[in-house]
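Report on the following structure.
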Amino acid sequence: MCGSFAHCVLRLAPGTRFSASVAVWSLVGCLLLLHLYSNIHHKDGEGEEVQLRLSSHPQLRELQQVEEEENIRIPPPKGKRSPRAAKRRPKRSSTVIDEFLDENSQLRHIFFPGKKRAIGPMKAGNDSYYYYPGRIWMDTDGNPIQAHGGGILYDKKSRTYYWYGEYKDGPTYHAHKRGAARVDVIGVGCYSSKDLWTWKNEGIVLAAVETNETHDLAKSNVLERPKVIYNDKTGKYVMWMHIDDANYTKAAVGVAISDTPDGPFDYLGSQRPHGCDSRDMTVFKDDDGVAYLIYSSEDNSELHIGPLTEDYLNVTSIMKRILVGQHREAPSLFKHQGTYYMITSGCTGWAPNEALAHAAESILGPWETMGNPCVGGNKVFRLATFFAQSTFVLPLPGYHGSFIFMADRWNPADLRDSRYVWLPLIVAGPADQPLEHNFEFPLWSRVSIYWHKKWKLPQGWSGFK
Ligand code: DGJ
């Protein structure tokens, strides 16, 4: 479209013979086309332009059907208050997020459904390859999966997926009156799967250290967001993770290494990367084999990104500050057609908030913020990332531009009962927000995460064969 407008202007270049009416009509035509184009771009707001975003792959259409949710009705405040008390301190009406965080909320079943009926991707039967975001997900032994804040590695050698995450199957408590809810470190859980749907528990592949209170992996510390990448040169599986003390003041990254994807991993130590505080983090291995560490820094006000050394065991001196002043965490990076994309969350502890999608032509930046990628549900669902927080984006092999968005629905009242929200993420269609710095529309595509109460991978996906 921009091309045809430029064409139009060129036709009016000096020295060319034209009549005034031809020029005027050309201009009118161009303006009309431009208007049509910008309408297509901007109509997206509430999800009514889904048709335009449908990718050409027919089996993916199902994943892009928008599912709507009824608006959540906030129950009236509990307990009677005397008119005098109400006058003194008018009660703030509660928000959906207040209800989400209130373990006694009447709406609890909406956020944490199926507590008694354990339904998840483990249920056997022909019609059962469904993901139920937010329900309890079971492993092949029938136990709830413990892989929070995790990520997935596809191991080419064994043609197996490995899902690593925080093993949080312990009591939730507050170390300090005002401290965040926590579970003692137990270790990193690992599950394997051939089809991304049935998950076998491979055990704890990096365990807490019980005998040394000063060790990074002492149970009183924090181990979050473990991610594993494979180093083709050394043949080692390398795990990076957020290491902290109970107050989140250590703000470091830890590294562990293993010869096999199912561990055990040897812990090598921690550091403040580039001398900076580091909290939520992830690692990303690019097509050329270079891996990057991405972490929230400067008290979560910005992200840092930098390449790792060839063996993936350390950072190098190269580091770029990105999304400066945007206060983002939970970074999840992925790549499509040479463009880098990232989903992040805001910084509100265990409470859900609005996700943002970002894009960059070069991994070290500049990164542009594209807006909220969530589609469907209802407005509250979209503004709270379907009550979940990003942790990883996994490419769906064979389905160009299709990914699984992996997120955690944290349950701060009982962290071990936190749920998984996996949804289809599709990169397709025009981006709907102009670039921040020059207001032009970017060349890259829109990132959409589609809400589903239940969904399955496209039929014929090779993982099921
Ligand atoms: C938000 C982070 O994303 C989580 O990984 C965890 O650190 C919580 N904060 C703790 O409140």
Q: Inspect all residues belonging to the range 219-231 and state whether any of them is within 13 Å of the ligand (Cβ to nearest atom), farther than 30 Å from residue 289 by Cβ, modelled with pLDDT under 95 and not polar (S, T, N, Q).
A: no
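State which residue is nearest to the ligand (Cβ to nearest atom) when the search covers only the range 164-176 and only residues that are part of a strand (DSSP E or B) and surrounded by 24 or more Cβ atoms within 10 Å (Cβ to Cβ). So that I can check it myself, show each step before the final result.
From the range 164-176, those part of a strand (DSSP E or B) are 164-166, 173-174; that's our starting set.
Still in the running and surrounded by 24 or more Cβ atoms within 10 Å (Cβ to Cβ): 164-166.
Details: 164: 14, 165: 11, 166: 8 Å.
Of everything passing the filter in the range 164-176, 166 is nearest to the ligand (Cβ to nearest atom).
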(Q) For the range 376-397, which positions are under 17 Å from residue 64 (Cβ atoms) and out of contact with any strand residue (DSSP E or B) (no Cβ under 6 Å at 6 or more places or on another chain)? (A) 377, 381
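Please report, ordered by residue number, the strands (runs of 3 or more DSSP E) entirely within the range 238-306 with at least 1 residues that are small (Gly, Ala, Ser) and either within 16 Å of the ligand (Cβ to nearest atom) or crowded, with 20+ Cβ neighbours inside 10 Å (or both).
On the way: elements: 252-258, 266-271, 281-285, 291-297.
Per the criteria, 252-258, 266-271, 291-297.
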Q) Out of the range 177-198, which residues are touching a helix residue (DSSP H, G or I) at 6+ places or on another chain (Cβ under 8 Å), within 12 Å of the ligand (Cβ to nearest atom) and not in a strand (DSSP E or B)? A) 183
**Q.** Subset tally (residues that are crowded, with 24+ Cβ neighbours inside 10 Å and under 28 Å from residue 287 (Cα atoms)) for the range 383-402
**A.** 6
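The values are calculated or read from the model by the stated rules, or taken from the named source; none is laboratory data. Note that this is a predicted model, so its numbers are computed, not measured. Neighbour counts run over all protein chains shown; Cβ positions are idealised from the backbone, glycine included.
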